[in-house]
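The values are calculated or read from the model by the stated rules, or taken from the named source; none is laboratory data. For clarity, every value in this text was computed on a predicted model and none was experimentally measured. Cβ coordinates were reconstructed from backbone atoms using ideal geometry, including for glycine residues, and neighbour counts include every protein chain displayed.
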Amino acid sequence: MIRIFLTGYMGAGKTTLGKAFARELNVPFIDLDWYIEERFHKSIRELFAERGEASFRELERSMLHEVSEFEDVIVSTGGGTPCFFDNMDYMNRHGQTVFLDVHPDILFNRLRVATRQRPILQGKTDEELRSFIVEALDKRAPFYSQARYRFDAGRLESRRQIAGSVQELRALLNV
Ligand SMILES: Nc1ncnc2c1ncn2[C@@H]1O[C@H](COP(=O)(O)OP(=O)(O)OP(=O)(O)O)[C@@H](O)[C@H]1O
Ligand SMILES: O=C(O)C1=C[C@@H](O)[C@@H](O)[C@H](O)C1
Ligand SMILES: [Mg+2]
């Protein structure tokens, strides 16, 4: 049985790598953000706006529990998922966990072109975004570091790099 949770900050590559990894292993892929959006027929941005973050986190936790029941699955979590409740511990008990560790400069370059659909980053200037990322990584490090594996996902900028990263991840997890 393969049940793997990919965690990491926004833009770390959870969705990109998770999708490619699942295809390689021939197991279903679930992106927790997409799963929530489908279930509630609303975007993450709308859910944040309508319910507020605290209520979103409750809902995210219950959806995490739901997808953790599946056998043979690659789950890409939301960027904040590991940092609330006992979610990290829960994932460690239910499968293999990976922290996609990416340098803040790379995250900045990836995220500055895509802040619109990410409610937490919306409306920030470049300088605000840069320091926000550094501070958030600092705050979240104690949670992300509880993942069983750490993987450098800094090379996802082309199909070739994604394919290479998939092979490296496969070797790390021995699957
Ligand atoms: N087809 C592609 N071609 C080139 N680069 C890509 C492609 N797909 C993804 N990337 C790169 O991978 C980065 C990681 O994005 P991704 O959406 O996978 O992160 P994430 O961890 O899922 O973020 P979030 O928590 O916001 O959902 C992108 O910003 C982009 O730089
Ligand atoms: O880092 C975060 O807190 C978030 C990341 C996204 O995946 C979404 O789950 C949402 O935008 C919150
Ligand atoms: Mg994603």
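Answer yes if at least one residue in region 35-44 is in a helix (DSSP H, G or I), out of contact with any helix residue (DSSP H, G or I) (no Cβ under 8 Å at 6 or more places or on another chain) and modelled with pLDDT of 95 or more, and no otherwise. Within region 35-44, one or more residues are in a helix (DSSP H, G or I), out of contact with any helix residue (DSSP H, G or I) (no Cβ under 8 Å at 6 or more places or on another chain) and modelled with pLDDT of 95 or more.
In region 1-34, the qualifying residues are those that are away from ligand 1 (no atom under 12 Å from the Cβ) and assigned to a loop (DSSP other than H, G, I, E, B), and the one that is nearest to the chain's Cα centre (by Cα) is PRO28.
Only one entry of ILE4, ILE36 meets the criterion of being within 16 Å of ligand 3 (Cβ to nearest atom) and farther than 20 Å from ALA147 by Cβ, and that entry is ILE36. Being aromatic (Phe, Trp, Tyr) and under 17 Å from GLN146 (Cα atoms), is that true of even one residue in region 65-85? So far as region 65-85 goes, yes, one or more of its residues are aromatic (Phe, Trp, Tyr) and under 17 Å from GLN146 (Cα atoms).
Scanning region 1-29 for residues that are free of Cβ contacts under 8 Å to residues at least 60 places away in the same chain and within 13 Å of ligand 2 (Cβ to nearest atom) turns up just one, GLY18.
Only one entry of ALA147, ALA136, ALA141 meets the criterion of being small (Gly, Ala, Ser), within 14 Å of ligand 2 (Cβ to nearest atom) and either without any contact (Cβ under 8 Å) to a residue 60 or more places away in the chain or not in a helix (DSSP H, G or I) (or both), and that entry is ALA141. Against the definition (farther than 29 Å from ILE2 by Cβ and touching a helix residue (DSSP H, G or I) at 6+ places or on another chain (Cβ under 8 Å)), how does LEU111 come out, yes or no? Yes; evaluated as a whole, the condition is true for this residue.
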